[in-house]
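J.: Dumping the structure here so I can ask a few things about it.
The values are calculated or read from the model by the stated rules, or taken from the named source; none is laboratory data. Please read all numbers here as calculations on a predicted model, not as lab measurements. We place every Cβ from the backbone using ideal geometry, glycine too, and count neighbours over all the protein chains shown. To get the accessible areas, we keep the full protein, side chains included, count just its heavy atoms, and leave off ligands, DNA and RNA. Shrake-Rupley method; radii C 1.70, N 1.55, O 1.52, S 1.80 Å.
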Amino acid sequence: MNPAARFFHLLPEMTLAFAVLASAFATWLFFRLTGYLPQPFVFDTNDTFMDWFNTAYWANRQGIYDVWRSIYPPLSFVFLDTFSLPGCYLQSPLYARDCDWLARGTIMGFYALNVVIAWASFHRADRYTAPMRALAFGLGLPLLFTLERGNLILVALPFFMLAYGPLMQSKAWRWLSMAVTINFKPYLVLPALALAVKRDWRMLELAGIATVALYLATLAWVGGGTPMELVSNTAHWVVFQGAQVWNEVNYSTSYAPFLALREAGIPLLRFVPSRLVETIEMLVPIVIRCTQAMALAALAASWVQPKAVPLSRIAAIMLGAYLVTQSPGGYTQVFLLFLLFLEPWRRPGPIIALTCGYLLCVVGDWPLAQVLQLTTNSWLSERTVNPAFGLTVGHFLRPGLIVLIVWMLALDTLDRAIRAHRHHAPHVGLSAA
């Protein structure tokens, strides 16, 4: 491809990446002016990094699973116990945040590591599109939101990128990385199951053995986090989260939390028309079920033609269908976006999906109606602020973009599987193709 043709081929992604960069800069200006980060960043402006420090606080004391009732597997506490200063956790998590320079440095170090590994992975996949995709990924909303929360996704993400990206050629490093990701975030067993669709049984077996071995080792280290404790605490957490509807809707991957808005005590009809609320309640279950069906159809096609699409595509469809069904938090989009940005800018399905991925990276939101305004302190700006939060365009748009990503990747997978029938006979057995 000559330089002029390549420029016009890259122009759409350059434009989308510039939009992400501009939105990040606008968010920085907003922060400089107001002292707090706009939606969908968490409205508790004194809670920055506290996903990390609340967990690290309990990593340095007794009662992780019976008092705090954590749902995190033991690996999280082994890691945080290793990368924290015990003397800083004798008082409160808020005190620890100001005291523990090692933990703050670890958070920033893993953010930088994620950006570097993402850049290297995208460059290995396509050196021409890598700058735009690395910029959107590194300065995009999902990773910045993860950084602001200090969520342990920052630690799991490098292993995820090594497990499913193009950097690692060694299968041993891949299945070991999968084991680490699952022990940090158990829902990441879903992309690992893409190995079953590809019939890579040996790899799946080794990843499973490594996952269990790592879990048992960390279980012995921590002295808690048995399967029964995790199941019981998860059931308790689901009930607790059910009462935190606004937090669920604020940065959700799914439309499912919208179904609980009417019962949440939020005077929704003061802000949006009743017809819109009724339409949402009618359409949300249909959208979720249809997306699940489309994902299953694509997985079935991939089973019949396992060489039609790469492992990263199957993993993206499985993870995307999960995110559409329920929302484990907006920061989980980083896993889906990494897999998506490995796709080439070819064919209508991937092009539309990639466009949606860039739009998910745009930082900030467009308010529709103000619901609450607070007077509180901001840890980041170290001053009193008056944040206002409410319903936004993003509440309705972002889950729809994830739905569209799943549909586009699934339809393209079906198309490629049908085309593969022309050259390869269907393969329905359990043996590798």
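J.: How would you rank 319-329, 229-239, 150-160, highest first, on the average number of other Cβ atoms within 10 Å across their residues?
T.: In descending order of packing, they fall as 150-160, 319-329, 229-239.
J.: When the accessible area of the range 268-414 is computed with all protein chains present and a 1.4 Å probe, what percentage of it is carbon and sulfur?
T.: About 65 percent, which is the carbon plus sulfur part of the accessible surface.
J.: Work out the FRET efficiency for Thr15 and Leu167 from their Cβ-Cβ distance, taking R0 = 35 Å, and round it to the nearest 0.05.
T.: For Thr15 and Leu167, the calculated efficiency is 0.80.
J.: Now a separate question. What percent does the relative contact order of the chain come to when contacts are Cα pairs within less than 8 Å and at least six residues apart?
T.: Computed over the chain, the figure is 23 percent.
J.: In addition: With a 1.4 Å probe and every protein chain left in place, work out the accessible area per residue of the chain in Å², rounded to a whole number.
T.: Per-residue value: 44 Å².
J.: Share of the range 15-62's accessible area from carbon and sulfur, percent, 1.4 Å? Write out the running numbers ahead of the final one.
T.: Values: 1410 of 2150 Å².
Looking at the range 15-62 in its full context, I get 66 percent from C and S.
J.: Shifting gears a bit: Label the range 273-341 by shape, choosing from rounded, prolate and oblate, from the square roots a ≥ b ≥ c of the eigenvalues of the Cα gyration tensor; if a/c is under 1.5 it is rounded, and otherwise prolate applies when a/b is larger than b/c, oblate when it is not.
T.: Oblate.
J.: Right, another one. May I have the extent of the alpha carbons of the range 1-124 along their three principal axes, as whole Å values ordered from largest to smallest?
T.: Extents along the principal axes: 63, 38, 25 Å.
J.: Along the charge dipole of the range 372-429, Cβ charges K/R +1 and D/E -1, which of Ile418, Phe389, Ile402 sits furthest on the positive end?
T.: Ile418
J.: Name every cysteine in the chain that ends up alone, with no second cysteine's Cβ under 4.7 Å, or say none.
T.: Cys290, Cys356, Cys361
J.: Quick one: dipole size for the range 1-106, taken about the Cα centre, charges +1 on Lys/Arg Cβ and -1 on Asp/Glu Cβ, in debye to the nearest 20.
T.: 220 debye
J.: Is the range 350-400 best put as rounded, prolate or oblate by its Cα gyration tensor, with a ≥ b ≥ c the root eigenvalues, rounded for a/c under 1.5, and otherwise prolate when a/b is larger than b/c, oblate when not? It would help to have the intermediate numbers written out before the result.
T.: Numbers: a/c = 5.26, a/b = 2.01, b/c = 2.62.
Oblate.
J.: For the range 292-399, what mean projected area does the convex hull of the alpha carbons give, in nm²?
T.: On the way: hull surface 35.6 nm².
Convex hull of Cα atoms, orientation-averaged projection: 8.9 nm².
J.: Further question: What's the Kirkwood radius of the chain in Å, using all Cα pairs?
T.: So the Kirkwood estimate lands at 22.8 Å.
J.: Would you compute, from DSSP H runs of 4+ residues alone, the mean residue ellipticity of the chain at 222 nm, taking -39500 (n - 2.57) per run and dividing by the full residue count, rounded to the nearest 500? Don't skip to the answer; put the middle values down first.
T.: On the way: 19 runs with 276 residues, N = 433.
Using -39500 (n - 2.57) per qualifying helix, the result is -20500 deg cm²/dmol.
J.: Still on this structure, I have one more. Sorted by packing (mean other beta-carbon atoms within 10 Å per residue), highest first, where do 278-284, 35-41, 64-70 land?
T.: Descending mean neighbour count gives 35-41, 64-70, 278-284.
J.: Could you order the peptides 332-345, 378-391 from most to least packed, using the average number of other C-beta atoms within 10 Å per residue?
T.: 332-345, 378-391
J.: Calculate I(q)/I(0) for the range 101-256 by the Debye formula, one identical point scatterer on each C-alpha and no solvent, and give its log10 at q = 0.09, 0.16, 0.20, 0.21 Å⁻¹ to two decimals.
T.: Cα-only, vacuum Debye calculation for the range 101-256: -0.37, -1.15, -1.41, -1.41.
J.: Quick check: from the Cα gyration tensor, does the range 374-433 come out rounded (a/c under 1.5), prolate or oblate?
T.: Details: a/c = 6.26, a/b = 3.40, b/c = 1.84.
Note, shape of the range 374-433 comes out prolate.
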